[in-house]
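Visitor: Before I ask anything, let me first share the structure, which is written out below as structure tokens.
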Amino acid sequence: MARSQREEIANYLLNYCFIIGTEESMSDKYYYVINHEAEFQEIFALIGYTLIVNRSLRVIQVINNYGTGRISLKKYESIILLIIRLLYIEKREKLSTSTEKVFVSVAEIKNEFEKLNLPRKFDQALLSDAMSTLRRYNIAANIGKLDSSDSKVLVYPSIMLALSDSGISQQYEMVKETLLQYESLTEDEE
């Protein structure tokens, strides 16, 4: 029995979280959902998900209403995600239209990573692991191999929805509190 286009797209959203309307490979899915939004809202509501259509970013996402089904990123994958999000925001502000694609280079990611003075150094394996996860969930995609500092990463607008601003603010406050605790420790306590 052949699957309907609606079933195929619903499964796609459940597996990849986002549909990017500006990407040629996903634009048919995007417009199908836009044209049948009420049906998709109903389908996802039945299984405990909310369909979110962000027309300004041209991104569709599904969110589990119960907070389950979320991916757990490793610490350095989270850092790479936040760095790429920061670079996306900076570059988006410089572009003349919202339809232009945002690319960041490996050198830009490495530069921002190294500013953080983390114990782990930036390397090919770290970036490859992070990009594998980001690509899997339609957040970013490498253009070719990531083997040189000139290599490019295409950042999808879904990166703005992957982690909410309030989520980033909460994490920032938690990190800030932890750092203050470390700073107040005496040498003996360390």
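Visitor: Mind listing whichever residues of region 4-52 are closer than 30 Å to Phe103 by Cα and of a type in the set (Lys, Arg)?
Guide: The answer is Lys29, and nothing else.
Visitor: For region 146-180: of the residues being assigned to a loop (DSSP other than H, G, I, E, B) and surrounded by fewer than 16 Cβ atoms within 10 Å (Cβ to Cβ), which is modelled with the lowest pLDDT?
Guide: The extreme case among them is Ser164.
Visitor: Only one of Ile83, Ile63 is in contact with a Ser or Thr (Cβ under 6 Å, 6 or more places away or on another chain), free of Cβ contacts under 8 Å to residues at least 40 places away in the same chain and hydrophobic (A, V, I, L, M, F, W, C). Can you tell me which?
Guide: Ile63
Visitor: Next question, about the same structure. Which residues, taken from region 132-157, are touching a strand residue (DSSP E or B) at 6+ places or on another chain (Cβ under 9 Å) and without any contact (Cβ under 8 Å) to a residue 24 or more places away in the chain?
Guide: Arg135, Ala141, Asn142, Gly144, listed by residue number.
Visitor: Given (1) modelled with pLDDT under 90; (2) closer than 22 Å to Ile60 by Cβ; (3) outside any loop (DSSP other than H, G, I, E, B), identify the lone condition not met by Thr97.
Guide: Of everything listed in (1) modelled with pLDDT under 90; (2) closer than 22 Å to Ile60 by Cβ; (3) outside any loop (DSSP other than H, G, I, E, B), Thr97 misses just condition (3).
Visitor: Exposed (fewer than 13 other Cβ atoms within 10 Å of the Cβ), β-branched (Val, Ile, Thr) and modelled with pLDDT under 90 - does that describe any residue in region 26-47?
Guide: No: region 26-47 contains no residue that is exposed (fewer than 13 other Cβ atoms within 10 Å of the Cβ), β-branched (Val, Ile, Thr) and modelled with pLDDT under 90.
Visitor: Another one. Looking at region 49-70, is at least one residue under 13 Å from the mean Cα position of the chain (by Cα) and surrounded by fewer than 17 Cβ atoms within 10 Å (Cβ to Cβ)?
Guide: yes
Visitor: Additional query: Can you give me the ranges of the helices (runs of 4 or more DSSP H) entirely in region 1-59 with at least 3 residues that are at negative phi and in contact with a Phe, Trp or Tyr (Cβ under 9 Å, 6 or more places away or on another chain)?
Guide: Fully inside region 1-59 and qualifying: 5-16, 24-35.
Visitor: What are the residues in region 109-128 that are more than 19 Å from Ala141 (Cα to Cα) and part of a loop (DSSP other than H, G, I, E, B), if any?
Guide: Leu116, Asn117, Leu118, Pro119, Arg120, Lys121
The values are calculated or read from the model by the stated rules, or taken from the named source; none is laboratory data. This is a predicted model, so every value here is computed, not measured. Virtual Cβ from ideal backbone geometry, glycine too; neighbours counted across all protein chains shown.
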